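Undergrad: One structure, pasted below without further comment.
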Amino acid sequence: MMDQPTPNQRLKHEQIQYIEFLSSDIARIKKFYSESFGWVFTDYGPHYSAFGGDYVDGGFTSGMPVKGSILVILYSENLEATRDKVLKAGGTIVQDIFEFPGGRRFQFADPDGNELAVWSE
């Protein structure tokens, strides 16, 4: 397991620091990501909830999601177990586990339709 990065390790010039998603239902999306990935949220009023990570933080703000061209990719030590948690929490598999040079991954849609991927070696 990696050590928690220091603030200087987290703040890298011109690197992604924060990812913000739109959600039509903040409570539902928090439940989904908590159940799927164990994310912990901090609410900032009824229309915004933030999550923290070791390297990238993010949040959900009220709004209607629009499928875009950016694909957020998460890492998993056990791809099948993560896929099962995503399905159990209400996610939809968009592309089931497949191999690519360097590993394997799957893509899913969360309850708001945001598409993300999960990869493993």
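Undergrad: Quote the charge dipole size of the chain about the Cα centre in Debye, to the nearest 20; the model charges only the Cβ of Lys and Arg (+1) and of Asp and Glu (-1).
TA: Dipole of the chain, to the nearest 20 debye: 160 debye.
Undergrad: Once fully extended, how much extra length lies between GLU80 and THR42, figured as 0.36 nm per residue of separation less the alpha-carbon to alpha-carbon distance?
TA: Fully extending the segment from GLU80 to THR42 adds 10.8 nm.
Undergrad: Out of the trypsin sites (Lys or Arg not before Pro) in region 28-97, which ones are loop residues according to DSSP with at most 14 other C-beta atoms within 10 Å?
TA: Passing sites in region 28-97 are LYS67.
Undergrad: Just to be sure I understand: with springs between alpha-carbon atoms less than 10 Å apart, which residue in GLU80, GLU20, GLU99 has the highest mean-square fluctuation in the Gaussian network model of the chain?
TA: GLU99
Undergrad: Continuing with this model, one more query. Largest first and in whole Å, give the semi-axes of region 28-91's equivalent ellipsoid, each being the square root of 5 times a Cα gyration tensor eigenvalue.
TA: Taking √(5λ) for each Cα gyration eigenvalue gives 20, 14, 13 Å.
Undergrad: Can you give the net charge of the other residues whose Cβ lies under 11 Å from the Cβ of GLY59, counting K and R as +1 and D and E as -1?
TA: -2
Undergrad: Let me ask something else. Kindly write out, for region 91-96 in residue order, the coupling ³J(HN,Hα) from the Karplus curve 6.51 cos²θ - 1.76 cosθ + 1.60 (θ = phi - 60°), rounded to whole Hz, with x marking Gly and Pro.
TA: x, 10, 6, 8, 9, 5
Undergrad: Oh, and also: Across the chain, how many lysine pairs separated by 8 or more positions, or lying on different chains, have Cα atoms within less than 15 Å?
TA: Count of close lysine pairs: 4.
Undergrad: Shifting gears a bit: Can you put LEU79, LEU87 in order, fewest other beta carbons within 10 Å first?
TA: Sorted ascending by nearby Cβ count, the order is LEU87, LEU79.
Undergrad: Per the Kirkwood definition applied to all pairs of different Cα atoms, how many angstroms is the hydrodynamic radius of region 7-120?
TA: In region 7-120 this quantity evaluates to 14.8 Å.
Undergrad: Moving to a separate point now. Calculate one ³J(HN,Hα) per residue across region 66-71 by plugging θ = phi - 60° into the Karplus curve 6.51 cos²θ - 1.76 cosθ + 1.60, and present them in order as whole Hz with x for glycine and proline.
TA: Each residue of region 66-71 in turn: 10, 4, x, 9, 8, 10 Hz.
Undergrad: Of GLY58, GLY103, ALA81, whose Cα points farthest to the positive end of the dipole of the chain (charges on the beta-carbon: +1 Lys, Arg; -1 Asp, Glu; origin at the Cα centre)?
TA: GLY58
Undergrad: Mind sorting VAL66, VAL94, VAL118 by how few other Cβ atoms lie within 10 Å of their own Cβ, fewest first?
TA: Result, fewest neighbours first: VAL66, VAL94, VAL118.
Undergrad: Ok, one more. With springs only between Cα atoms under 10 Å apart, run a GNM on the chain and tell me which of ILE29, ILE16, ILE97 wobbles the most.
TA: Of ILE29, ILE16, ILE97, the most mobile in the Gaussian network model is ILE16.
Bear in mind these aren't lab numbers, they're just calculated from the coordinates by the rules spelled out. Keep in mind that what you see is a predicted model, and the values were worked out from it rather than measured. Backbone-built Cβ (ideal geometry, glycine too); neighbour counts: all protein chains shown.
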